[in-house]
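Please see the structure below; I have some questions.
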Amino acid sequence: MRKLYTLVFSMILIMGFAINSIAQDQGDTTAKLTSGKWVNHADGYIPNPIGESKTTVKRYKTIEFKKDNTFTMDSIKQRFTGHWVLNGTNLTMTFNPKKVTHLHKNTDPNSGSNAYVTTSEVLQIAERNAKIEGDFLNFGNPVLDSEHNSSAVVGLKNFYEFTGFANVTGGNLLMVLIGLVFIFLAIRYDYEPLLLIPIGTGIIIGNIPMFQAVDFNLKLGIYEPGSVMNILYSGVVNGWYPPLIFLGIGAMTDFSSLISNPRLMVLGAAAQVGIFATFLGALWLGFAPPEAGAIGIIGGADGPTAIFLSSKLANGMNVMANGETVKNLIGPIAIAAYSYMALVPVIQPPIINLLTTKKERKIKMKPPRAVTRLEKIIFPIVGLLLTAYISPTALPLLGMLFFGNLLKESTVTNRLADTASNALINTITILLGVTVGASTQADVFLTADSIMIFGLGAASFIVATAGGVIFAKIMNFFSPKDRPINPMIGAAGVSAVPDSARVVQNMGLQNDPSNHLLMHAMAPNVSGVIGSAVGAGILLSFLM
C-alpha cells in the first residue's frame, strides 16, 4: 500500500513539473510573441500612383501582437486589426472586418476636379494559422512568413522604405541625368536658359524616388492629387498656363515688320506644314487621331501651343468613340517641343544651307517702311477678329496674344503691358517649366511612345524649316526684281520667337556682313506664332 502511495505521489509530482514546464514554455512563447514586431518583406505593392503598372515591389509589412490578445498588422497602405490565440507554438489570427478605400484616377474631363475617384469595400481577411519556430513566424507561405525584430529595428526598416535609396529605379537615374544635361546646355551654351533650367530642375524634382503605391497617397508626387506639385500641374493639364504665356508674348511682340510687309505672313503659314506632316506621321505610327493631333503641333515649334493642344486632346482623360481613353502625352510632347525650340541654332542652319545657294543667302531686302501708331493699334483688333472667326477654338491663345499686344501698342496701359511682359510671363514660365519637367516621372515618361514622339518632333522641325525656306524660294522667284526675298527668312516661319529670326540674322551676316535680315525675319517669325495657334485650333475643331 505504501508503495502505491509513493507511486501516485511521484506521478502527481512529475505531472506538476510537466505542467509547470509547459506553462513556462507557453509563457516564454507568449512573451516572445508580444515583444518587438514581426516583419514580412516578401509581399509586394504596385508602385505606380495611377495604377497602370503591372509589376510589384516588395514592401515591409509588420505585425504587432499585444498582451490583451489583439494584434495590428500594418501593411503601409492599410492597417488591419484582430485577435490572436496561442496554443503552444501554434498561433491562430482572426481578423476584424476592414473598410478599405480604393483610389482611382479621375478620367472624367468634365468633372472639373483633379482629385481621385474613390470606391470602398469591406474586406474580410481569412483566418491565418502560423507556427512560431525560433525567430520566425511560419504561415506555410513564403509571401506571409515573418521574422522577429525589435521595435527599433522595425522602425529603421520602415524609415528606409520611405527613402530614395529604397525606391530608386534605373529610369529615375536616367531622367535625373537628362535633367542635368538640360541645365548644362542652358548654362554652358545659353540654349533657351529661361526654359531649360526650369524644365531641367523639374525633371530632377519629378524623379526624386519616393514611396508611391496604388490606394496610397502621401501627397508628394506630381501625379498624387492634393500635393503642391499636382496643384501647380493643374495649370498644365487644364491649359491655364499657355494663354497667360501668350498674353506676355503679345505684350512683348512688335508686329511692325509684319504690318509693313504683309506678304511675308504666308511664310509663317507655309512653315506650319510641319504640323500636318507630323500629324500624318503619328497616325501612320499607330497613334489615335487626338494623340496624333497633339503630337503634330510640335512642328509649330511653339511650346505653349503644344501644351495647350495636348492638354485638350492627349490628356489621359478623354474617351474616344471606340471607348478607349487617350494616352497622357503632355509631358513627352512639351519636353520635345521645348527641346527643339532650344536647339533652333543647331537644327536650322544645316537645313538652310542645304536648301539655299550662297547667292540666295546674300540677297538683300529693302528696309521695311515705318508703321504708324494707328496701324499698330488696329492690327491686334483686326487680327483677333479675323483669326478667331477662322478658328474659334484657338481663341484662348489668339485672344490673349492680341490682347497683350493691344496693351502694348495703345500706350495708355503701359503698367498692364509691363506686368504682362515681365512679372506675369516670368512667373508662369517658372511654373510651366518646373511642372512640365516634373511630369516626366520615369515610370510615366520612359515609354516607346516618348521615343516615337521625340523622333516625330525632330522630323516635324526639319519639315517646318524646309517648308518655309522652299516657299520663300518660290516667292522670290515670282517677286519683282526690286523687291527680292531672301529665302533664309522662310526658316523663321516656325514660331520659335525670336530665336529663328536670330538664326537668319546671324547667317545673313556670315555670308555678307552688311546684310541685316532680323527685321525681315521677324515678320514670318511672329506670323508663325499666329499660324501655329490657328493650326492648333483647326486640329482641335476636328479632333476634340
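The values are calculated or read from the model by the stated rules, or taken from the named source; none is laboratory data. Keep in mind it's a predicted model, so treat the numbers as computed, not measured. So basically every Cβ, Gly included, is an ideal-geometry build from the backbone, and we count neighbours across all protein chains shown. Surface areas here come from the heavy atoms of the whole protein model, side chains and all, with no ligands, DNA or RNA. Shrake-Rupley method; radii C 1.70, N 1.55, O 1.52, S 1.80 Å.
Condition check: at pLDDT below 95, buried (at least 16 other Cβ atoms within 10 Å of the Cβ) and not in a helix (DSSP H, G or I). Does Thr440 satisfy that?
Yes, satisfied.
Quickly run through the stretch 58-89 and pick out the residues that are without any contact (Cβ under 8 Å) to a residue 40 or more places away in the chain, over 17 Å from Gln124 (Cα atoms) and not basic (Lys, Arg).
Correct list: Glu64, Phe65, Asp68, Asn69, Val85, Asn87.
Can you name every residue in the stretch 104-156 that is in a strand (DSSP E or B) and free of Cβ contacts under 8 Å to residues at least 24 places away in the same chain?
Val117, Thr118, Thr119, Ser120, Glu121, Phe136, Asn138
Now for a separate question. Does Phe184 meet the test of being touching a residue at least 24 places away in the same chain (Cβ under 8 Å) and open to solvent by 20 Å² or more (accessible area, probe 1.4 Å)?
Judged against the criteria, Phe184 is not a match.
Still on this model: Considering Ala420, Ala334, which residue is aliphatic (A, V, I, L, M), out of contact with any Leu (no Cβ under 6 Å at 6 or more places or on another chain) and open to solvent by less than 20 Å² (accessible area, probe 1.4 Å)?
Ala334
While we're on this one: Suppose we filter Leu355, Leu406 for residues that are farther than 22 Å from Leu258 by Cβ, open to solvent by less than 60 Å² (accessible area, probe 1.4 Å) and of a type in the set (A, V, I, L, M, F, W, C); which single one remains?
On inspection, the qualifying residue turns out to be Leu355.
Which condition does Ala152 not pass, out of (1) over 25 Å from Ala448 (Cα atoms); (2) aliphatic (A, V, I, L, M); (3) crowded, with 17+ Cβ neighbours inside 10 Å, if it passes all the others?
Checking Ala152 against (1) over 25 Å from Ala448 (Cα atoms); (2) aliphatic (A, V, I, L, M); (3) crowded, with 17+ Cβ neighbours inside 10 Å, the one that fails is (3).
Quick one: would you say Ser113 is open to solvent by less than 80 Å² (accessible area, probe 1.4 Å), closer than 21 Å to Leu220 by Cα and of a type outside the set (Asp, Glu)?
Yes; evaluated as a whole, the condition is true for this residue.
If you don't mind, another one. Which one of Asn167, Asn141, Asn172 is on the phi < 0 side of the Ramachandran plot, modelled with pLDDT under 90 and either under 34 Å from the mean Cα position of the chain (by Cα) or hydroxyl-bearing (Ser, Thr, Tyr) (or both)?
It is Asn167.
Shifting gears a bit: Looking only at the stretch 457-491, count every residue that is open to solvent by less than 30 Å² (accessible area, probe 1.4 Å), in contact with a Gly (Cβ under 7 Å, 6 or more places away or on another chain) and small (Gly, Ala, Ser) and tell me the total.
7
Could you check the stretch 228-313 for helices (runs of 4 or more DSSP H) lying wholly inside it with 2 or more residues that are closer than 24 Å to His520 by Cβ and open to solvent by 30 Å² or more (accessible area, probe 1.4 Å)?
241-252, 265-270
At pLDDT 95 or above and among the polar types (S, T, N, Q) - does that describe any residue in the stretch 397-409?
Yes, the stretch 397-409 contains at least one residue that is at pLDDT 95 or above and among the polar types (S, T, N, Q).
May I pose another question? Do we have Ala523 as over 22 Å from Val346 (Cβ atoms), open to solvent by less than 20 Å² (accessible area, probe 1.4 Å) and of a type in the set (A, V, I, L, M, F, W, C) here?
Yes: the conditions hold for Ala523.
Quick one: in the stretch 157-181, which of the residues that are free of Cβ contacts under 8 Å to residues at least 60 places away in the same chain and not in a helix (DSSP H, G or I) is surrounded by the most Cβ atoms within 10 Å (Cβ to Cβ)?
Among them, the one singled out is Val168.
Check off (1) farther than 26 Å from Ser527 by Cβ; (2) in a helix (DSSP H, G or I); (3) open to solvent by 20 Å² or more (accessible area, probe 1.4 Å) for Ser450 and give me the number that stays unchecked.
Answer for Ser450: the failing condition is (3).
Please tell me if Thr101 is touching a His at 6+ places or on another chain (Cβ under 8 Å) and part of a strand (DSSP E or B).
In short, no.
Can you work out which of the residues in the stretch 187-227 that are without any contact (Cβ under 8 Å) to a residue 24 or more places away in the chain and in a loop (DSSP other than H, G, I, E, B) is least open to solvent (accessible area, probe 1.4 Å)?
Checking each candidate, the answer is Ser227.
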